[in-house]
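Read the structure below first, then the notes.
Every number here is computed from the coordinates shown, using simple stated rules; none is lab data. None of the values given here were measured: they were computed from a predicted structure. When we count neighbours, we look across all protein chains shown, and the Cβ atoms used for this are built from the backbone with ideal geometry, even at glycine.
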Amino acid sequence: MEIKNVAPPRLHIAFACLGVAFLLIFSWVLFHEGAAEWRSTQARFRRLQASLKNPHQLAQAASVGGLRQIWLPDLGRVDRCGTCHLGIDDPAFATAPAPFATHAGTWLSTHPPDRFGCTPCHDGQGQATDYTNAAHQPQPFLARPMRPLETIEANCGACHRALNPPDAPRLAEGRRLIADTGCFTCHEIPGFEGLTFRGPALSSIGYKVRPGWLAVWLHDPKDYLPQSKMGNFRLSPQESSGLQAFLLSQRAQPPIDSTGIDWMRANTANGRALFGELRCVSCHAVNGRGGTMGPELTRIGDKVRREWMFSFLKDPHRAQPDTPMLQYRLADDQLRDLTAFLFEEYSSGGAAPESPPVTYQDARVLAEGRAVFERRGCVSCHQLAGIRDTGRIGPNLAGIADRDPDELPYGSNVVRHTTDNYIFLKVLLPDTLGQPSLMPTFGFTPADAATIALALASIRKSDLPVSYVVGRPAQAPYRPGGKFGALVDRYRCLSCHSVGGYGGDLSTVPLDRVGSQLQHDYVAKYLLNPGAVRVSVEARMPVFHMTADEARTIADFFADVFVDDKIDRYDAHFAAVDVRRGQELYGQLGCRACHQLGTKGGYVGPELSGTGARLKPGWIAAWLSQPQAYKPGTLQPDYGLSAADARALTAYLASLGGGGTERTREGTTP
Amino acid sequence: MTRSASHALAILVLAVVASAGCRSTPQPGDPMLDAIRAKERSGDLSYAESQGRNLFAQYCTTCHGDEGHGDGQNASNLDPAPPDLSAPNSGRDAVYLTTVISQGSVAVGRSPLSPPWGHSLTHQQIAYLVVYCQALGRRKPT
């Protein structure tokens, strides 16, 4: 029987060639897989392991053949880095060469790889199994190459949302700069919700400032004050003059009448004494030294009008309801002396004559100034009646770190196209990215701009499972009412002190448990004439000139309300043997290195000779037992004291000055 | 010359011009990274050492001084005075430094004035401090 050959001979040849080609490809794949980079790496590791470990340890070590991967479904990651980084969790490889070396630090114990993988912290291509494709170095067409150590803290910030995350100082510094610069007033920035940043309200600025100063300020705030928080808005001369006319026309509320003040009788020596006594420099800097909460005063005489200054010192809250500045209880003569002192001491050209406020009539110029004010979003920081708050004018920064770097503008800057570089340039030089920008130039140093960019680069699309997020504790505003509330408002206690995390941080003493810490009578007395408890702290509590009745109200409220139930009342009488043992401990532990007692000892911590009259014994014991829990970052070391030792030290300290009972304190702390 | 040959020539010329153009543009940089590195280099410190410097500034400088010379603002109150940590003969050994920092100077038989930080700082923080203390000796002022 003859079988008919259906295929023509040419197809035979084609099939044969195809077969050979498949065979070649198959053997090439086999060869390629066999010669993969990670296989030779693992072979090197096995040799290294054999040289480092004795046979017993070798037997215990897991075999290292094959690919290793960590799958984190909730993070959407597959990390095969462990295929080559084989000694990463084994201290025996501490000095081994890359890629076998042990992971630096103790990071793996706080971030175990089976929960955190590698790329969530380091970036890079976790699924790749060779050096190049894992993007250890930036590679064309590979997104998210590994972060160098210098910027790795940006990835800490993806989970650690607190403003001051532990062990990430660069991130913390960046977030501090963002909070201080007030970026979140124009941009919605995840993690900065609830913070406020305010410049002065401008409704009566026509009565406040001198026209010459305003012209300089609008041209570039740094010309008047190098550390100004306001950026340079790069206004054209026309915009600038319109805005100046518009602002100087804002005169909603005249200052408190000071026509009856006889300025010729002003005693500037008394003003100088008051300036020191009121502790103005705790919040205001002069000649580069002092606090930063209030405006710098070095050239304040060039900036504001005298009647306005008098009025502001008399009642700061009338003109600026939100100001952190407290209202002192001063007589008109004292206010006059203080004002005259400020104008004599802190102005560059002597007391230049003040022209009366000018009224601008040109409606076109005023309208133009108003348009500039609205367009540049001035209202985000400065309240002004009649200007609608239009919300944040800058773009929302949520997910900014996940923007596609190739879609972002870089202008004429020759930089690698990365989100980091874009953010950095935008922060440093917002007008050089090839697009008109409404954002002011803040004049950051490159290092500061890089730190801010690092903090912003931690803001990823928020698809992290909540179990990974270490959040920022929510802060409820604390607004007490009644008599105490009125005092808190008048003396602006919360500008420096905090309650429940709300308030300022200039003071080292949050008020949350102050009633459990301080003796009632001590508080009532201290408020009348606050001295320095810590000699080395420069910012001090001002002398408020408050009445004894007011001081007692505050002390009562502290004792009744700001109490921590966890702190033992402890008001037991101590045995003499405890006191003696405490005194011994005081010497043995070297407390004198930091604390002064009488004339001996250091001045890092509080002077201790009046401790018994100042502190409640329960607090002393609680503080000594776990200082870091009450004040993270404190210089008071945790000595790991036993309960008996803590009690003995408490007995000794409580016996100093007051014996724990209410006795008159001899002499105040220096 | 045929049409295809002239096309090939044109493409070749274009390719040469393009490659020359590519070579003449400057290499794109990483200004953000450069800024951070410049700041770091100013102290001539590695990443871990600069972390240690931050901790040193917070916890140690009051007595040991900004550069570890034993000239902090509180040093004059101390007897014995704090040693010069940058001196060539001061302890460089990581184990020794870890002991002093975490258990206090009393743990190595010296005065109790330098307190133990082992209960207050994390192991990581102490490790950073140790490398910074080692770097203090390396960075002799020139």
Would you mind counting up the charge near A:Leu274? Only other residues with Cβ under 14 Å from its Cβ, with Lys and Arg at +1 and Asp and Glu at -1.
-1
Using 19 Å as the Cα-Cα cut-off, could you pick out the over-long pairs in A:Lys229/A:Lys303; A:Lys525/A:Lys616; A:Lys483/A:Lys616; A:Lys208/A:Lys314; A:Lys566/A:Lys631; A:Lys566/A:Lys616?
A:Lys483/A:Lys616
Using only Cα atoms, locate the centre of the range A:146-160 and the centre of the range A:273-294, then give the distance between them in Å, rounded to an integer.
38 Å
Sequence-distant residues sharing a close amide H with A:Leu518 (under 5 Å, placed H)
A:Lys616
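Suppose every Lys and Arg Cβ carries +1 and every Asp and Glu Cβ carries -1, with no other charges. What dipole size does the range A:357-467 come out with about its Cα centre, to the nearest 20 debye? Write down the numbers at each step before the final one.
Values: 11 positive and 12 negative charges, 49 e Å.
Around 240 debye, computed over the range A:357-467.
Quick one: compute the contact order of the range A:482-561, relative version, from alpha carbon pairs under 8 angstrom and 6+ residues apart, as a percent. Don't skip to the answer; put the middle values down first.
Details: 80 pairs, mean separation 23.2, N = 80.
Worked out over the range A:482-561, it gives 29 percent.
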If amide H atoms are modeled at 1.01 Å from N in the peptide plane, then the residues at a separation of 5 or more from A:Val415, or on another chain, having amide H under 5 Å from its own are B:Gly29
Debye intensity ratio in log₁₀ form over the Cα atoms of the range A:576-654, taken at each q of 0.11, 0.13, 0.19, 0.27 Å⁻¹
-0.25, -0.35, -0.79, -1.63
Would you mind classifying the range A:67-158 by shape? Square roots of the alpha carbon gyration tensor eigenvalues, ordered a ≥ b ≥ c; an a/c under 1.5 is rounded, otherwise it is prolate if a/b is larger than b/c and oblate if not.
rounded
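Based on alpha-carbon atoms only, what is the radius of gyration of the range B:28-138 relative to the globular estimate 2.2 N^0.38 Å?
On the way: Rg = 15.1 Å, N = 111, 2.2 N^0.38 = 13.2 Å.
Rg over 2.2 N^0.38 Å, computed on Cα atoms: 1.14.
Show that you can apply the helix-only estimate: for the protein assembly as shown, add -39,500 (n - 2.57) for every DSSP H stretch of four or more residues, divide by all residues, and state [θ] at 222 nm to the nearest 500. Mind dumping the intermediate values first?
Values: 35 runs with 338 residues, N = 812.
About -12000 deg cm²/dmol.
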Return the sequence-ordered ³J(HN,Hα) values of the range A:438-452 in whole Hz as given by the Karplus equation 6.51 cos²θ - 1.76 cosθ + 1.60 applied to θ = phi - 60°, using x for Gly and Pro.
7, 6, x, 8, 8, x, 5, 6, x, 5, 5, 4, 5, 5, 5
Each residue of the range A:239-256 in turn: what ³J(HN,Hα) in whole Hz from Karplus with 6.51, -1.76, 1.60 and θ = phi - 60°, glycine and Pro shown as x?
4, 4, 6, x, 5, 5, 4, 4, 5, 5, 7, 7, 9, 6, 9, x, x, 4
Taking every DSSP beta bridge that has both residues in the protein assembly as shown, what percent is antiparallel when rounded to the nearest 5?
85 percent
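Give me the percent relative contact order of chain A, please, defined on Cα pairs under 8 angstrom at least 6 residues apart. Don't skip to the end; give the middle numbers.
On the way: 1003 pairs, mean separation 72.5, N = 670.
Result for chain A is 11 percent.
Can you give the Kirkwood hydrodynamic radius of the protein assembly as shown from its Cα pairs, in Å with one decimal? Working shown, then result.
Working: mean 1/r = 0.0313 Å⁻¹.
About 32.0 Å for the protein assembly as shown.
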